[in-house]
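The values are calculated or read from the model by the stated rules, or taken from the named source; none is laboratory data. For clarity, every value in this text was computed on a predicted model and none was experimentally measured. Don't worry about glycine lacking a Cβ; one is built from the backbone with ideal geometry, like all the others, and counts go over all protein chains shown. Heads up: the accessible areas ignore ligands, DNA and RNA and are worked out on the full protein's heavy atoms, side chains in. Shrake-Rupley method; radii C 1.70, N 1.55, O 1.52, S 1.80 Å.
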Amino acid sequence: MNDVDPAHRFTADAVRKFDPSADGGKPGGINEVALQVAAQYRRDTMSPVMVSGILRLVEFGLLFFSGLAVYCWYLGVFEYLPWQYPLAIATASLLAVVLLDIADCYQISALMRPFNHVGRIVIMWSATFALMAVAAFFVKMSQSYSRALFAIWFVAGLALLLAFRLVFSRLIRRWARDGRMERRAVIVGGGKAAETLIRSVEKQPYNDIRICGIFDDRDDRRSPPLVAGYPKLGTISELIKFARIARIDMLIVSLPITAEARVLQLLKKLWVLPVDIRLSAHSNALQFRPRSYSYIGAVPMLDIFDKPINDWDSVAKRTFDIVLSIVGIVLFSPVMLATAIAIKLDSKGPVLFKQKRHGFNNEVIEVYKFRSMYADQSDPTAKKTVTKNDPRVTRVGRFIRKTSIDELPQFFNALFGTLSLVGPRPHAVAAQSHNLLYNEVVDGYFARHKVKPGVTGWAQINGWRGEMDTNEKIRMRTEYDLFYIENWSLLFDLKILLLTPVRLLNTENAY
């Protein structure tokens, strides 16, 4: 991972060809080189945490099924102690995975260098059998089990583990080399401090960090355009745009903690991004307890913000969305069919209304709704908020808006993955309040987009739904959305889903 890929470093001549302050003629844009770099990182990567987690499941399966195969071959197919043996084998397999985890055998460095960790694997596999033998002795069941069977499984299981690790190490190295499994990082702040940080990170053997570039507000005299082979791609404001295009995992702020005012100023701009934000602590004079740090190899980092709903949490939430979306579609299909017929009979035009809204990380998504306005008066941009007795709304439209039946097609959005069932409600791209865009009304409004938007949300069940005709309503909705993001759990999602039908009975703000 530390070999420098020519595609990710630049020569001094290349850096001289662009002006970090240029914006390509677009407000809030970024320069051409930064766009080219961002384009290289548009593809999603496999999270190292997910890869090592899947490996745990695979190795549990290898050990369990190998043990089961030895049992069936040695004693017959479930002929002797038909449930006790499988239970003992499953327990030993799980215990082995736990012990290997405790011994750091699932770290990326260990997976890439299996020969360096053979000793640990042998010790942990042996410890598994020792602990199982002790447990069998104390419950007075050791005489019931075949020692020969477990001896054969010990050899077979160990051989499988080592062989699988050897094959997997080749695969994981290829993924790392191809950029399919890495954590992409941007350095915030340039100069000597950034160079020292980059050198320290690159010295770490087999780390999974890919440095994508540097962003700094300072001019070239104080912050050179090229640091340790990496270009300064623009200012902090341009970093926001860069991170919206590229799939960035981490921002590393290379500033001393003593520069408190500047650090806080940077964090106020950067916290709206759905990324991990770390403050480099490798050169700070202040010392904290070891557990206060996270590490990239041996380089200490102070955790400032963590990406919400990440890794296995995102898998759980996506599974939750798929299963309950299918249930919702089946359950409400008669209502949706009746609504489609009513809309067709009431006014001319399509049954569905498609609107572009802001999704995860400010991406523009298309959201489905039942059409509730006259087709020739629909407002896809939502520049004009729907108000009470709005003449643009049809007779059927008034009913389905008040009862939120118009939102039912969004079950398909949740099934396809553009929405989640629960999350901050997405607003139209050009939604305004008193001729101001919502992000101009609320500082940090785009922090709502650090997670995927939802069909329903914490703000909606607390009364902040419907017309956003005042700045205070926008602020309160944002406040509730941020509370949801900071306190997310599957139980919280389930609570919101269960409360949604009850709270929808209050139609005061729905027009």
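Figures for the structure shown
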quantity	calculated
Selection status of Lys241, within 27 Å of the chain's Cα centre (by Cα) and at pLDDT 85 or above	yes
Residue count, segment 59-76 (criterion: closer than 26 Å to Met124 by Cβ, touching a helix residue (DSSP H, G or I) at 6+ places or on another chain (Cβ under 9 Å) and open to solvent by less than 60 Å² (accessible area, probe 1.4 Å))	11
Phe332 vs. criteria open to solvent by 30 Å² or more (accessible area, probe 1.4 Å), assigned to a helix (DSSP H, G or I) and of a type in the set (Phe, Trp, Tyr)	yes
Hits in segment 142-169 - residues which are open to solvent by 60 Å² or more (accessible area, probe 1.4 Å), more than 18 Å from Phe64 (Cβ to Cβ) and not polar (S, T, N, Q)	Arg147, Leu166, Val167
Residues (open to solvent by 40 Å² or more (accessible area, probe 1.4 Å) and modelled with pLDDT under 85) located in segment 109-141	Phe137, Phe138, Val139, Lys140, Met141
Hits in segment 308-325 (condition: surrounded by 18 or more Cβ atoms within 10 Å (Cβ to Cβ) and within 25 Å of Ile54 (Cα to Cα))	Ile309, Lys317, Phe320, Asp321, Leu324
Set Phe370, Phe332: member being modelled with pLDDT of 85 or more and in contact with a Leu (Cβ under 6 Å, 6 or more places away or on another chain)	Phe332
Among (1) over 25 Å from the mean Cα position of the chain (by Cα); (2) over 18 Å from Ala38 (Cβ atoms), the one test that Val253 misses	(1)
Helices (runs of 4 or more DSSP H) lying entirely in segment 170-272 (those with 3 or more residues that are in contact with a Phe, Trp or Tyr (Cβ under 9 Å, 6 or more places away or on another chain) and open to solvent by less than 10 Å² (accessible area, probe 1.4 Å))	236-245
Which numbered condition Val351 fails, given (1) open to solvent by 80 Å² or more (accessible area, probe 1.4 Å); (2) without any contact (Cβ under 8 Å) to a residue 40 or more places away in the chain	(1)
